[in-house]
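Structure record follows, encoded as structure tokens.
The values are calculated or read from the model by the stated rules, or taken from the named source; none is laboratory data. A quick note: this is a predicted structure, and the numbers were derived from the prediction, not measured. All Cβ positions, glycine included, derive from the backbone under ideal geometry; neighbour counts span all protein chains shown.
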Amino acid sequence: MTREKYRTTFARPWLIITTESFMSEHIKKVYSLYAWCYDSLFGRIFEHGRYTALHMMDVKSHESILEVGVGTGLSLPLYPKDVQVTGIDISHDMLAKAKRKVQHHRLSNVSLHNMDALTMSFPNSTFDKVIASHVITVVAEPSRALHEIMRVTKKGGEIFLLNYVGCNHPFVHHIEKFISPYRDKLGLGKHVDLHELLNKVGLSVLSERRVNFLDMCKLIHCKNISDNS
């Protein structure tokens, strides 16, 4: 086998696996550092988005909900007690904070799992509604994460994506452009064209709206039309 053919056949898959593993470990480390101050630092900033998302989700009695990137569990006490909520996160330290909230609020309807959004262990078509907050722009492979979310969502189920998209204010936009190269290293995500990504994976958008401070985030409501049987 020629050296060039070897590179094509073996090197690229190895590079993909290495990059994915590196990104996952990087995210774990960054959010381990954030865990102790996440609620006080981001709690109020993202509060509007959390409440708007819960209103948009319009959760019904006995529905099964999945929170991808549940973090410290800030939104868990907001759910009705008669729905089953499952939360996953890649960070042990963030989950530890979420577990304390579950105990403090006696949320017997909530279960938490340490899990990567790229490789979820749930069966196909498990959940009625799935929400991923500030996840898609952070993971190594956004399209793969979306495919996993679609896989575990029931056909006809609803998917909600909440992500930072930037501000329209000229001055703030200038600052964002300056710090953009550092966002990924800080665990704040990279620029992703969400609509292009949604078209690529076949998710239809039902509605969307700007939320949070200076309307810097976008909440997108989608319907899962894929057949996961």
Candidates Leu78, Leu112, Leu107, filtered to the one that is more than 28 Å from Arg209 (Cα to Cα) and more than 16 Å from the chain's Cα centre (by Cα): Leu107
Considering residues of the stretch 91-106 that are touching a helix residue (DSSP H, G or I) at 6+ places or on another chain (Cβ under 6 Å) and part of a loop (DSSP other than H, G, I, E, B) only, the residue nearest to Cys37 (Cα to Cα): Ser91
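Report yes if some residue within the stretch 144-153 is modelled with pLDDT under 95 and not in a loop (DSSP other than H, G, I, E, B); otherwise report no.
Applying the first criterion (modelled with pLDDT under 95) to the stretch 144-153 yields none.
No, the stretch 144-153 has no match at all.
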Evaluation of Leu66 against (1) touching a residue at least 60 places away in the same chain (Cβ under 8 Å); (2) not small (Gly, Ala, Ser); (3) not in a strand (DSSP E or B) (one fails), failing number: (3)
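With the requirement that a residue be small (Gly, Ala, Ser) and more than 14 Å from Ala132 (Cα to Cα), what does the stretch 42-58 give you? Give the steps one after another, and end with the answer.
Going residue by residue through the stretch 42-58, those that are small (Gly, Ala, Ser) are 43, 49, 53.
Residue satisfying the conditions is Gly43 alone.
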Members of the stretch 175-214 that are modelled with pLDDT of 80 or more, of a type outside the set (A, V, I, L, M) and assigned to a helix (DSSP H, G or I): His195, Glu196, Asn199, Lys200
Some residue of the stretch 133-154 being acidic (Asp, Glu) and over 24 Å from His195 (Cβ atoms): no
Residue check for Ala132: of a type outside the set (Val, Ile, Thr), assigned to a strand (DSSP E or B) and modelled with pLDDT of 95 or more: yes
Test: residue in the stretch 91-111 that is touching a residue at least 40 places away in the same chain (Cβ under 8 Å), among the acidic types (Asp, Glu) and over 22 Å from Leu203 (Cβ atoms): yes
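Of all residues in the stretch 79-90, how many are outside any strand (DSSP E or B) and out of contact with any Lys or Arg (no Cβ under 7 Å at 6 or more places or on another chain)?
Quick first cut of the stretch 79-90, residues outside any strand (DSSP E or B) only: 79-83, 90.
Those left that are additionally out of contact with any Lys or Arg (no Cβ under 7 Å at 6 or more places or on another chain): 79-83.
Looking only at that region, the number is 5.
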Inter-residue pairs, beta-carbon under 7 Å, first closer than 20 Å to Val59 by Cα and in the stretch 123-152, second among the basic types (Lys, Arg), 6+ apart: Ser125/Lys154; Ser125/Lys155; Phe127/Lys154; Asp128/Lys154
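Any chance you could count how many residues in the stretch 121-135 are hydrophobic (A, V, I, L, M, F, W, C) and surrounded by fewer than 20 Cβ atoms within 10 Å (Cβ to Cβ)?
As a first pass, look at the stretch 121-135 and keep what is hydrophobic (A, V, I, L, M, F, W, C): 122, 127, 130-132, 135.
Then keep just the ones that are surrounded by fewer than 20 Cβ atoms within 10 Å (Cβ to Cβ); that gives 122.
The number of residues fulfilling the criteria is 1.
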Every residue from the stretch 37-51 that is aromatic (Phe, Trp, Tyr) and at pLDDT 70 or above: Phe42, Phe46, Tyr51
